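Heads up, the thing below is written out as structure tokens.
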Amino acid sequence: MPVPVMADGLPPSLLDMLGPDIEILEWDDSPTSAALARAVAFITYGHPRVDGALMDRAPNLKLVSNHGVGVDHIDCAAAKSRGVLVGNTPGCLDAATADMTMALLLAAARNVVAGDKFARSAAFTHYDPAFMIGYEVSGSTLGIVGLGRIGKQVAKRARAFDMKILYHNRGRDEAAEKELGVTYASLDELLKQSDFVALNCPLTAETTNLISRRELSLMKSTSILVNVARGAVVDHDALLSALKSRRIAGAALDVTSPEPLPRDHPLLELDNIVIAPHLGSAANRTRRRMEEMTVQNLNAGLRGEPLPWRVV
Ligand code: DGY
């Protein structure tokens, strides 16, 4: 008998990797869900919320295999206390996510999106050297909040741009300081000194609304905030007022809270913001590897073997 696995919309490339011994059930977290009652595992592809109450309605649940490294949408403590394993896909997406951090940083600094729109429009009639002057990236100061695996890849790339690199973590990472030439700073110092602030930390209770009104008020008026972490790391009301009043020069967001933002959200009206639909790890080889790791975690868990990449 195939094992029932509940998943939220898998692409054909991932479905093809699953053997005939797996029956995929469409994600259904309604009170009368038959899928929940049967599921032995979940594949969380598009970050559906998995909390204790949901797990309690899935009496056969053994494991959650998450497609992605961030597991903030899964209550891991609740999973642990119920003996449910959680696996994720760390490491394989660090380079792609760091590439996207730099892409957004450059796009916001150098008017790539506004420039594209203008260059396609009838308004572009001649080259004007005084037009769309952006902020210099090379030689500027970058502050990385969260020098983990992804943050370190960002630092490597920033070095190639001759940037001075500050970082903030819960503690100092002396090995990274030696290897990457980065300098530890308190969050406040980092915000005060940086021309670009890149958020590359996980979303936890500690990092929720980490960048709020006070933090934005410390940033330079010429600085740009880049968020490739999770939307909820930034207080969006505070960001909106900082951008509207030009308290900071701009923002580049790969993630928002909620995601997507309501279509009439005022942030979407601003001209000093660049926004992407959560594309951090959306690169061909990275996606393929994420799928492989998701399936390997799933298969191992269903066989009762240790998950190769286990969170809890
Ligand atoms: C991650 O890996 O956490 C990315 O946001 C995609 O899920």
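Any read-out appearing in this document is the output of simple, stated calculations on the displayed coordinates, not a laboratory observation. Only a predicted model underlies this, so the values are computations on that prediction, with no experimental measurement involved. Cβ: placed from backbone, ideal geometry, glycine included. Neighbour counts: every protein chain shown.
Would you be able to say whether some residue in the range 114-135 is of a type outside the set (Gly, Ala, Ser), under 18 Å from the mean Cα position of the chain (by Cα) and more than 16 Å from the ligand (Cβ to nearest atom)? Within the range 114-135 (the criterion being of a type outside the set (Gly, Ala, Ser), under 18 Å from the mean Cα position of the chain (by Cα) and more than 16 Å from the ligand (Cβ to nearest atom)), the answer is no, since none of the residues qualifies. Scoring THR222 on the criteria (1) part of a loop (DSSP other than H, G, I, E, B); (2) touching a helix residue (DSSP H, G or I) at 6+ places or on another chain (Cβ under 9 Å); (3) over 25 Å from ASP72 (Cβ atoms) leaves a single failure, condition (2). Pairing residues of the range 259-271 that are part of a loop (DSSP other than H, G, I, E, B) with residues that are among the charged types (D, E, K, R), at Cβ distances under 9 Å and at least 6 apart in sequence or on separate chains, gives GLU259/ARG230; LEU270/LYS244. Scanning the range 274-312 for residues that are more than 16 Å from the ligand (Cβ to nearest atom) and within 17 Å of the chain's Cα centre (by Cα) yields a single hit, VAL274. Being touching a strand residue (DSSP E or B) at 6+ places or on another chain (Cβ under 6 Å) and more than 16 Å from the ligand (Cβ to nearest atom) holds for only one residue in ILE74, ILE43, ILE24, and it is ILE24. Within the range 53-77, residues that are farther than 19 Å from ALA205 by Cβ sit with their Cβ atoms under 7 Å from residues that are among the basic types (Lys, Arg) and away from the ligand (no atom under 11 Å from the Cβ), at 6+ positions apart or across chains, in these pairs: MET55/ARG82; ASN60/ARG38.
Screening ALA79, ALA98, ALA58 for residues that are buried (at least 20 other Cβ atoms within 10 Å of the Cβ), more than 12 Å from the ligand (Cβ to nearest atom) and in a loop (DSSP other than H, G, I, E, B) leaves exactly one candidate, ALA58. Taking the listed residues ASP51, ASP16, the one that is away from the ligand (no atom under 16 Å from the Cβ), closer than 25 Å to ALA282 by Cα and not basic (Lys, Arg) is ASP16, with no other qualifying.
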